[in-house]
Amino acid sequence: MTDERTIPALDEHDWSLVIKPKRSLFALPIAELFRYKDLIAMFVRRDFVSVYKQTILGPLWYLIQPLLTTITFTVIFGNIAKLPTDGLPQFLFYMSGTVIWTYFATCLTKTSTVFVDNMQLFGKVYFPRLTVPVSILISNLITFGIQFVFFLGFMAYFAIRGTVFHPNWWILFSPVLIFMMAGLGLGLGILISSMTTKYRDLRFLVAFGVSLLMYATPVIYPVSSIPPQYQMLIKANPMTPIVETFRYGFLGAGTVNPLDLLYSFGFMVVIVIIGTVVFNRVEATFMDTV
């Protein structure tokens with residue numbers, strides 16, 4: 001019979017993985033996320049491949065969706081409602097807004113249901129919960145890249161036909177714009193996801209709210225077409241400077257105000273901090289309420 005007193009005591013250095021409670025609500029597990037990069041890659045593949053799995057057209061839907069949306073906007077808002085497009089071809093104007101808005105809207109809607117959609121997985125095994133929303137941002141970034149190249153193809157087509165537009169150096173600011181959209185989608189998404197563990201009604205309000213928010217963003221109209229007394233309301237939307245800067249950089253139409261961009265960046269930082277605090281607070285106990 002073995003004497004238990006002869007068994008050496010084990011400390012945390014004898015284990016390959018030690019799980020500890022978070023000490024701070026502001027903690028972002030950057031090191032953990034990097035260590036779980038293979039898991040993130042697996043989630044990205046799952047999100048990207050499974051969307052149109054067992055469909056007839058498959059990945060072509062990534063191109064069909066923005067194309068049909070652009071055509072619809074062109075017919076309804078361009079030809080029927082006669083909304084101005086800052087002198088740009090209606091098709092290019094609406095596609096530029098559609099491509100960039102879709103990335104933000106998809107990131108927000110998908111991250112807003114992270115806890116509810118993955119509750120069975122979260123309840124069975126430990127891994128940093130932020131790996132799921134981060135994977136959503138990356139998988140949607142791949143989709144954005146495909147649609148962005150599609151948009152560049154139409155730019156080339158219109159240029160060959162003699163359409164005049166003026167790309168400029170603000171194009172170089174595009175990675176920052178994408179980062180800001182990802183941050184806004186992540187921050188708002190995890191904030192709402194944390195609240196949906198108790199209030200499931202928010203799942204329905206998010207989809208409805210995102211649709212309404214699009215009309216408060218210059219996706220189907222330029223800011224210049226808004227009466228001056230209402231422009232401040234539109235610019236209060238942090239997505240407004242992003243969409244306007246993107247359109248100005250690639251098409252040379254619209255307005256760019258560095259102060260407005262700084263406001264959007266600051267808003268993004270604040271919402272990511274708030275979302276992280278709430279996410280970390282709910283993460284420890286969400287299985288009791290979900």
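The values are calculated or read from the model by the stated rules, or taken from the named source; none is laboratory data. All values derive from a computational prediction rather than experimental measurement. As a convention, Cβ positions derive from the backbone with ideal geometry for all residues, glycine included, and neighbour counts pool all protein chains shown.
Here are the numbers for the structure shown:
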| read-out | value |
| --- | --- |
| Unmet requirement for residue 173, which otherwise passes all of (1) over 21 Å from residue 277 (Cβ atoms); (2) part of a helix (DSSP H, G or I); (3) in contact with a Phe, Trp or Tyr (Cβ under 8 Å, 6 or more places away or on another chain) | (3) |
| Any chance residue 27 is at pLDDT below 70, touching a Ser or Thr at 6+ places or on another chain (Cβ under 9 Å) and not acidic (Asp, Glu) | yes |
| Filter result for the condition that a residue is within 30 Å of residue 38 (Cα to Cα) and in a helix (DSSP H, G or I), over 187, 153, 209 | 187 |
| Set 290, 278, 256: member being more than 18 Å from the chain's Cα centre (by Cα), over 29 Å from residue 117 (Cα atoms), of a type in the set (A, V, I, L, M) and at pLDDT below 90 | 256 |
| Candidates 82, 124, filtered to the one that is over 20 Å from the mean Cα position of the chain (by Cα), farther than 23 Å from residue 280 by Cα, not in a helix (DSSP H, G or I) and not aliphatic (A, V, I, L, M) | 82 |
| Qualifying residue in the range 155-164 (condition: basic (Lys, Arg) and within 26 Å of residue 194 (Cα to Cα)) | no |
| Which numbered condition residue 162 fails, given (1) within 25 Å of residue 136 (Cα to Cα); (2) at pLDDT below 90; (3) of a type outside the set (Asp, Glu) | (1) |
| When residues of the range 156-170 are limited to those that are part of a loop (DSSP other than H, G, I, E, B) and either in contact with a strand residue (DSSP E or B) (Cβ under 7 Å, 6 or more places away or on another chain) or free of Cβ contacts under 8 Å to residues at least 60 places away in the same chain (or both), the one surrounded by the fewest Cβ atoms within 10 Å (Cβ to Cβ) | 162 |
| Evaluation of residue 98 against (1) of a type in the set (Ser, Thr, Tyr); (2) under 13 Å from the mean Cα position of the chain (by Cα); (3) at pLDDT 90 or above (one fails), failing number | (2) |
| Index of the failed condition, residue 178 passing every other in (1) aliphatic (A, V, I, L, M); (2) modelled with pLDDT of 95 or more; (3) closer than 23 Å to residue 71 by Cα | (3) |
| Selection within the range 109-159 - aromatic (Phe, Trp, Tyr), touching a Ser or Thr at 6+ places or on another chain (Cβ under 8 Å) and at pLDDT 85 or above | 144, 151 |
| Qualifying residue in the range 170-178 (condition: closer than 21 Å to residue 51 by Cβ and in contact with a Cys (Cβ under 9 Å, 6 or more places away or on another chain)) | no |
| Close pairs (8 angstrom Cβ cut-off, 6 or more residues apart or separate chains): at positive phi in the range 71-91, outside any helix (DSSP H, G or I) and aliphatic (A, V, I, L, M) anywhere | 86/253; 87/253 |
| Any hit, the range 247-255, residues being touching a residue at least 40 places away in the same chain (Cβ under 8 Å), farther than 16 Å from residue 87 by Cα and in a helix (DSSP H, G or I) | no |
| Selected residue (only one of 216, 207 is under 20 Å from the mean Cα position of the chain (by Cα), within 22 Å of residue 261 (Cβ to Cβ) and surrounded by fewer than 16 Cβ atoms within 10 Å (Cβ to Cβ)) | 216 |
| Conditions (1) more than 18 Å from residue 107 (Cβ to Cβ); (2) among the polar types (S, T, N, Q); (3) surrounded by 21 or more Cβ atoms within 10 Å (Cβ to Cβ): number failed by residue 240 | (1) |
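A quick yes/no check of all residues on (1) surrounded by fewer than 16 Cβ atoms within 10 Å (Cβ to Cβ); (2) under 30 Å from residue 273 (Cα atoms); (3) polar (S, T, N, Q):
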position	(1), (2), (3)
30	yes, yes, no
35	yes, yes, no
50	yes, no, yes
72	yes, no, yes
89	no, no, no
93	no, no, no
102	no, yes, yes
106	no, yes, yes
